[in-house]
Structures are given as C-alpha cells and as structure tokens.
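Participant: I am attaching a structure below and will ask some questions about it afterwards.
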Amino acid sequence: VRDRTRNNPQAVTLFVFGGIMRQLLEKILEKIKKSPGDFQAYEDLYFMCIDAMKTDKALGVEFLKKLSEECEQAVRKSEKEEFLKNVFELHKKVLLKAAPLDFDSYLLYVEWNRDPDKKFYVPRRKRLKQVVDALQELVDDKLDLLAISLPPGSGKTTLAIFFLTWLAGKIPDQPMLTGSHSNSFVRGVYDECLRILDPNGEYLWGDVFPGLGVTSTNAKDCRIDLGKRKRFETLEFTSIGTGNAGLYRAATLLYCDDLVSGIEVALSKERLDKLWETYTTDLRQRKIGNRCKELHIATRWSVHDVIGRLEQEYIDSDRARFITVPALDENDESNFDYAYGVGFTTQFYHEQRAIMDDASWRALYMNEPIEREGLVYTQDELRRYFELPSEEPDAIIGICDTKDKGKDYCFLPVGYVYGEDHYIDDCVCDNGLPNVVDARLIEILVRDKVKTCRFESNAAGRRVAEKVQEGVKAKGGITHITTKYTTANKETKIIVNSAWVKEHCLFKDSSLYTRGSEYGKMMEMLCSYTMAGKNKHDDVPDGMAQYAEFAQSLSGSKVEIFARPW
C-alpha cells in the first residue's frame, strides 16, 4: 500500500477500501452462486455495486455485469413466478446503472421494451459480443483504431449506429464525424440515430442519459446536436470527397463505413489510390486533438482499400485491432445463423457461393480480399483429377516448408508421380503448435508411404527434419528425408516455377474437399497469391515452388530401360 499511495492519505483510504469492497462483492456473488434462489443476495449485490461506484466506477461496473449474468441464468433456470418477477425487474435496474459506462449493458437496456421479434442485439449477441468488447476498448482508451469486417447483413452498421448514440450521450459536447461513400447511406444512419434518440420512441435512450436530449437537427446537412448548442454538432454525417474543409470536425470519433462504393472501384487500382488520398486529406484531416478514435467498418473488396492500407501500417501496433469474421467457419458452417430465426443459414451461404465467382465470394463474404489482376494461380487454369490412376505410381514424393514464426503455416504436399504428371493427393497445411505439427508430419509421411521428402533447412527446418526422420523410422516408415538451404528470392522463385506447377501438377476436383479442410486451405492460399499487392500467406505458393524444384532435380537423374541396339 505504501508503494502505491506514497504521501497521499486519501489514496491510502481508497486503495484499502477498494480491496475490502472487492472482497465483499465477491462474497455476495459467491452466495448467489451457491443459493441462486435467494433474491435478497441479488438485491444486496446490486446496492453494494452502487456504493462501490461512488469511489471506483470500474469495480462497480465489473460486478454489475457479473450480477447481470446471474440474473440471466436465474431467469432461464427458475420456475418460481414471484422470484422470476423480482429478478426480471432487478435485471433492468442493473443494466440501467451500468449502461452509461458499459456498451454491452447499454445495448441490452435501450431495447428492453421492444418486441422480442424486433430486437436487434439479443439474438446476435453471441456472435457480435467480440465486436462490442472491442468498441468498449476504443472508448476505454485501450485502442486508437478499430477496423471491423463482417459479411453483408450481419449487423455491423446497425451496431455502429447504437455505438454512435451511446457515445453521443456520454460526450455530447464533442463532435463525432461519420463518413461513407454516398449521401443516401449517411442519411440512413442519420435517420436511424434520430429514431434511437427519440424520447417518445421505442428505445430507452432517455433513461440512460436523463436530462439530455436533441437540441437541433439539420436534415439537409445530416447533423444532430445534443446538449448545449455549439459550432460543430455532436453527430455529423458526410459523404467522402464532397468538400468537408471547415464544415465538420471529429473530436471523439471518426467513423468510416464502406468507403469503397462497390466492385467498380475495387477493381481499379487507380480509383483505390484516389480513395486513399481522399480519405487522408478529406476525412482524416477533420480529426482534432490527440484523443479522437477511428472506427472503420467495410466489406473487404481489395488489399488496396482503406482498411487494407491501414492494416499494413498498424498491424503490429497494440493500439490497433482488425476484426474479421467470415461467413463460414472452418467446418463450412454459417457463423451468422443467429438465434430466433434471424441471420443467415449455412444453406444460404452455400447457395451464394455457388452462384458467385470465387474472388467476389471471398472478398464479400469471407473477408479475404485478393487482387484479380496479378494472380499467379487461378482455380480455373489448374489441372484437376477425380481419382488417382489405377497403376502403381513411379514415386511418391514431398517437400516440407517448415513453420517459421507467428502465423506462418507449415506446408507439406504429397505428390504421386506418374510419368510427367504429379497428383497432389494429400497435404499438411497447419499453423498450430510445433509439437503437434511435427507429429502430423510424421503421420502423413508414414501414411502415404512417401519415399523421399526434402525439408527446407532455413531457421528451424534442420531440427524439424531430424525429429521427423527419427519419428518416421520409429513408426516403420520408408521416407528418406533430405534438407536444402534456400537462398533464392521467394517472389522470384514462386513466379518462375508457377508454369511448371500448372503444367505438371494435378489437384483434386473441388467436389472432393471442403473449403475448411486442409486441402481447401491449401487451394485458397495457392489461388490468392498475387504479384499486385501484399500477401498475407505465401507459404503454399512458396512450397509448391520448392516442390517444382525438387521434382525437376529428381527427373534429371531418371533411368530408362531401352532395347539393346545390337
């Protein structure tokens, strides 16, 4: 205590009080968990949280949220009518007390009176909670930049509109600026904000921020002012590139939603360059002070769009976060099949995928932007097969591009060689823990009876090769492992070997694997490598280049049997 509160008697008191208060709150919470039917304990914890907030708001909100969770559990499990009624009413009070400081509580409270089938947040909460928590960190000054990429119709813009109204109530005397690609979009956001702020409407915003309300609106310029009149309104909305100098300011938040208007812009590198220039000189220049946060929400059409360039600039910053949730998970199931029948089913996404070209599907729904121009491999030009030839292969070979660090993938393709053709029939494409991946490498080499395999010996490659060779021998495998140190430029190697891969390698027909499988991951990474932009993962195209070099080195030593000429 002395170290943390030196020469500050008041701080000593608060520090000790905070420690005691936490212990009291935890004891009451423990009592609720042991006796979930004791309503008095719920009520005691509520009033203790209110007392805690007088000296430590964060502590009070922390336990209000825990009490909210207990109320939800009690309503789901209890069958006692009087108890349910009391808990239900208390839960509303708990959310109201936490709402000005906690975004999740605010979302639950402002829709409290809405019909269940009209509520936005409750059915989507499980999936969107990670986005809500990130928005909370933006307000709590743990982040300066947040970018969110979700599929169309998943609720990202509606969530941002609630966020705007929450911030407007918290900080009504500072301007926030919303920018998008069109006037019609910003007008829609403007209208929806007014609906939430309406004191006579179905939302309970006025309960959360009593005594505060809309003091002026401007439908033509899309402006909403709360509290005291000021030069720059609390909520301002504009379309990008319409001449915003001197008309708008952003002191609390700069919110950019879908700055790319559509595929026409996304397909043009020149137009994307112009958009970036307009964003930096038009919207971003409207920020004032050092505390203005940035929120970007968009469909990821291109690696050269605004979010893509921001990611390149700030990806290593702990003050920036880039959230991406694809339409389908690793099991090819919908991530957005929300409760109560809202959202999108797996079948819907599968049908969308079937009627769209691969690049558009991956950008619009999977949030995997790729450049159509400059792709080294495309799905349509690769050779495909449905089953291996009936005869025995001439050889079964493989290469291994070992995992380096971070999110890199370990990649080992297995090729069945029939004359000049190489059937890529199996693979490991994994960025998991090294020990787990090493075991999987041993497994595939033994299972597929690979005769020879070359490991890249850069970084930890030689160590992995030795470990895998020992493991293969221990399991009775026949693989002979060699190592080679690679010095060639990776990009050059990928490009110069791509022609050989296209001519000699055959890949499974797409009906034989799912996108979420390792084979599916391999194909997606191979067919997303571009010469026109930055590549997130180049392990697969680099690995296939190594496979091409290894296969050609073996063919140079090929022995043929021929009739004696005499």
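Participant: Quote the relative contact order of the chain in percent (integer), defining contacts as alpha-carbon pairs under 8 Å separated by 6+ residues.
Facilitator: With pairs under 8 Å counted, the relative contact order is 11 percent.
Participant: Can you give the Rg to Rh ratio of the chain, both from alpha-carbon atoms, with Rh computed by the Kirkwood formula?
Facilitator: 1.06
Participant: Taking all protein chains in place and a 1.4 Å probe, what share, in percent, of the accessible surface of the stretch 388-523 do carbon and sulfur account for?
Facilitator: Roughly 50 percent of what the probe reaches on the stretch 388-523 is carbon or sulfur.
Participant: Based on alpha-carbon positions alone, could you give the equivalent ellipsoid semi-axes of the stretch 163-242 from the gyration tensor, as √(5λ), descending, whole Å?
Facilitator: 21, 14, 10
Participant: Using the heavy atoms of the protein chains and a 1.4 angstrom probe, tell me the accessible area per residue for the stretch 342-381 in square angstrom.
Facilitator: For the stretch 342-381, the solvent-accessible area averages 48 Å² per residue.
Participant: With label points built 7 Å along Cα→Cβ from the Cα atoms of TYR385 and ILE20, find their separation and express it in nm.
Facilitator: With each label point 7 Å from Cα toward Cβ, the separation is 7.8 nm.
Participant: What does the accessible area per residue of the stretch 34-175 come to in Å², with a 1.4 Å probe and no ligands, DNA or RNA counted?
Facilitator: 43 Å²
Participant: What is the ratio of the Cα radius of gyration of the stretch 71-190 to 2.2 N^0.38 Å, where N is its residue count, to two decimals?
Facilitator: Working it through for the stretch 71-190, the quotient is 1.21.
Participant: Compute the longest continuous run of the chain that contains no exposed GluC sites (Glu not before Pro); treat a site as exposed when its DSSP state is not H, G, I, E or B and it has at most 16 other Cβ atoms within 10 Å.
Facilitator: 421-559
Participant: What does the convex hull of the Cα atoms come to per residue for the stretch 121-276, in Å³?
Facilitator: 131 Å³
Participant: Shifting gears a bit: Quick check for you: with a 1.4 Å probe and neighbouring chains kept, what is the accessible area per residue of the stretch 192-314, in Å²?
Facilitator: Normalised by residue count, the accessible surface of the stretch 192-314 is 45 Å².
Participant: Project the alpha carbons of the stretch 346-433 onto their principal axes and report the range along each, largest first, in whole Å.
Facilitator: So the three principal-axis extents are 43, 35, 30 Å.
Participant: Something else about it: Just to verify a number: FRET efficiency for TYR418 and ALA460, C-beta to C-beta distance, R0 = 41 Å, to 0.05?
Facilitator: My answer for the efficiency is 0.75.
Participant: So if I place +1 on the C-beta of Lys and Arg and -1 on the C-beta of Asp and Glu, and nothing else carries charge, what would the dipole magnitude of the chain be about its Cα centre? I want it in debye, nearest 20.
Facilitator: 1900 debye
Participant: How high is the FRET efficiency between ASN218 and ASP509 when r is their beta carbon distance and R₀ equals 60 Å, given to the nearest 0.05?
Facilitator: According to the calculation, E is roughly 0.55.
Participant: What do you get for the angle between helix 434-447 and the principal long axis of the chain? Use alpha-carbon atoms, 0 to 90 degrees, nearest ten.
Facilitator: With both axes taken from Cα atoms, the answer is about 40 degrees.
Participant: Here's something else I'd like to know. Please give the FRET efficiency for VAL496 paired with ASP133, using the beta carbon to beta carbon distance and R0 = 60 Å, rounded to the nearest 0.05.
Facilitator: For VAL496 and ASP133, the calculated efficiency is 0.85.
Participant: Right, something else. For the stretch 386-526, what ratio Rg/Rh do Cα atoms give with a Kirkwood hydrodynamic radius?
Facilitator: Answer for the stretch 386-526: 0.94.
Participant: Starting from the Cα-Cα distance between THR482 and GLU392, subtract it from 0.36 nm times their residue separation and give me the gain in nm to one decimal.
Facilitator: That works out to 30.0 nm of additional length.
Participant: Can you run phi through the Karplus equation (6.51, -1.76, 1.60; θ = phi - 60°) for the stretch 214-227 and list ³J(HN,Hα) in whole Hz, with x for Gly and Pro?
Facilitator: Per residue, the Karplus-derived 3J(HN,Hα) values read 6, 9, 6, 9, 9, 5, 5, 9, 6, 10, 10, 10, 10, x Hz.
Participant: Also: Hey, if you drop one equal point scatterer on each alpha-carbon of the stretch 63-137 and run the Debye formula without solvent, what base-10 log of I(q)/I(0) do you get at q = 0.12, 0.15, 0.22 Å⁻¹?
Facilitator: Listed by q, the Debye log ratios stand at -0.34, -0.53, -1.10.
The values are calculated or read from the model by the stated rules, or taken from the named source; none is laboratory data. Quick caveat: nothing in here was measured; it's all calculated off a predicted structure. Cβ: placed from backbone, ideal geometry, glycine included. Neighbour counts: every protein chain shown. Calculation scope for accessible area: heavy atoms of the full protein, side chains included, ligands and nucleic acids excluded. Shrake-Rupley method; radii C 1.70, N 1.55, O 1.52, S 1.80 Å.
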